[in-house]
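Only one structure is covered here, and it is reproduced in the block below.
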Amino acid sequence: MKSNPARKELQASGEPSSTLTRLTAILLLIGTIAVPTLLILHDMLGIDEDSGALAFPAYQRHPISVFLTYYALMATGVLFVLLGPLVYRMYTHLQTPLRLLVLICIVVAGSTQMIAASRWLIVLPYFSHIYTNPQTDAATHAALDVAYQGTSYFLGLTIGEFFYNIFSGLWSVFLAVMLLRSSHRNVWFHWIGIIGGVGIMLGSFEQIFVNTAPGSIFLSLLTVGHVAWVIWLVGIAIALLVNKPSVLQREPQSMVQEPVDLSTERQ
């Protein structure tokens, strides 16, 4: 069975295969568009994260919509966990530790999103069923409200928003810097990723300064960061699908570790 010389050359060079490139681009495009879309749907459902008395009746009005929205959010977290190794493998020709940092931060960000979304699929239906039961007394209502607020604060605001935004911003900055250093064309485009990542990281502190003057500033930074983040990642995904853009170019010659021919040194 004869091997394909072109394929051997491709594997030796470390360049990603077309299948890997397309798969990474498709998953990246789906995840990037899904996250803001699902968050907008979450706000439209009116699920209050600060009050169980408001959240439980809202869930009873739209149980299927809530379930599908948060199941999709959890699935998006799984998608990003799977996307981490794909990105790591696709840029294997870039000899830089930033590639490993991108992998770690993507997996952590996806995991936090999975955990945060799962609370709505487990806690909210169970608490809502008990809370809206006519036989439930006032003391149980109060206890459920406190339990809901605690769960929402820990799994939602802390893990689902603060840590998710921190690690999402980190992997975006690491990836943008890695591509910025390895590309000679459209360098300005990767600065959008850096701006988006930094904006998301700074915007994560909005939860700490909520209902204060600095809180509105951090919220604006978060919004700008997410917009830049979406534009940048969608642009990368489309470029990967259309052709092999500058983001897939090899590293500059100064960054590539070339093997030393020892045979010439012995002569």
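The values are calculated or read from the model by the stated rules, or taken from the named source; none is laboratory data. Computed from a predicted structure; not experimentally measured. So basically every Cβ, Gly included, is an ideal-geometry build from the backbone, and we count neighbours across all protein chains shown.
Couple of notes before you dig in:
- Pairing residues of segment 98-109 that are in contact (Cβ under 8 Å) with a residue 60 or more places away in the chain with residues that are among the charged types (D, E, K, R), at Cβ distances under 6 Å and at least 6 apart in sequence or on separate chains, gives no pairs at all.
- When residues in segment 148-200 are screened for being among the small types (Gly, Ala, Ser), surrounded by fewer than 17 Cβ atoms within 10 Å (Cβ to Cβ) and touching a residue at least 40 places away in the same chain (Cβ under 8 Å), 0 of them pass.
- Selection from segment 85-97 of residues that are in contact (Cβ under 8 Å) with a residue 40 or more places away in the chain, out of contact with any Pro (no Cβ under 6 Å at 6 or more places or on another chain) and assigned to a helix (DSSP H, G or I): 86, 87, 89
- Selection of segment 51-79 for residues being exposed (fewer than 14 other Cβ atoms within 10 Å of the Cβ) and not in a helix (DSSP H, G or I) yields only 51.
- Annotation note: Cβ proximity below 6 Å between a residue of segment 230-248 that is closer than 14 Å to residue 186 by Cα and among the hydroxyl-bearing types (Ser, Thr, Tyr) and a residue that is outside any helix (DSSP H, G or I) and at pLDDT below 90 (sequence gap 6+ or interchain) occurs for 246/183; 246/185; 246/186.
- Conditions (1) modelled with pLDDT of 65 or more; (2) hydrophobic (A, V, I, L, M, F, W, C); (3) surrounded by 14 or more Cβ atoms within 10 Å (Cβ to Cβ); number of the one not met by residue 10: (1)
- Any hit, segment 31-44, residues being modelled with pLDDT of 80 or more, surrounded by fewer than 20 Cβ atoms within 10 Å (Cβ to Cβ), of a type outside the set (Lys, Arg) and not in a helix (DSSP H, G or I): no
- Residue 84 vs. criteria modelled with pLDDT of 85 or more, within 14 Å of the chain's Cα centre (by Cα) and within 19 Å of residue 38 (Cα to Cα): no
- Test: residue in segment 108-130 that is assigned to a helix (DSSP H, G or I), in contact with a Pro (Cβ under 9 Å, 6 or more places away or on another chain) and buried (at least 21 other Cβ atoms within 10 Å of the Cβ): yes
- The listed residues are 188, 171, and the only one of them that is out of contact with any helix residue (DSSP H, G or I) (no Cβ under 6 Å at 6 or more places or on another chain) and in a helix (DSSP H, G or I) turns out to be 188.
- Just one of the listed residues (203, 215) is at pLDDT below 95, out of contact with any Gly (no Cβ under 7 Å at 6 or more places or on another chain) and of a type outside the set (A, V, I, L, M), namely 215.
- Scoring residue 126 on the criteria (1) under 20 Å from residue 24 (Cα atoms); (2) without any contact (Cβ under 8 Å) to a residue 40 or more places away in the chain; (3) aromatic (Phe, Trp, Tyr) leaves a single failure, condition (1).
- For segment 191-237, a residue qualifies if it is of a type outside the set (Val, Ile, Thr) and part of a loop (DSSP other than H, G, I, E, B), and the qualifying residues are 209, 211.
- Here 96, 140, 132 are screened, and the one residue that is polar (S, T, N, Q) and under 30 Å from residue 172 (Cβ atoms) is 96.
- Residue within segment 174-183 that is modelled with pLDDT under 85 and out of contact with any Asp or Glu (no Cβ under 8 Å at 6 or more places or on another chain) present: yes
- Filter pass, residue 165 being at positive phi, touching a helix residue (DSSP H, G or I) at 6+ places or on another chain (Cβ under 6 Å) and of a type outside the set (A, V, I, L, M, F, W, C): no
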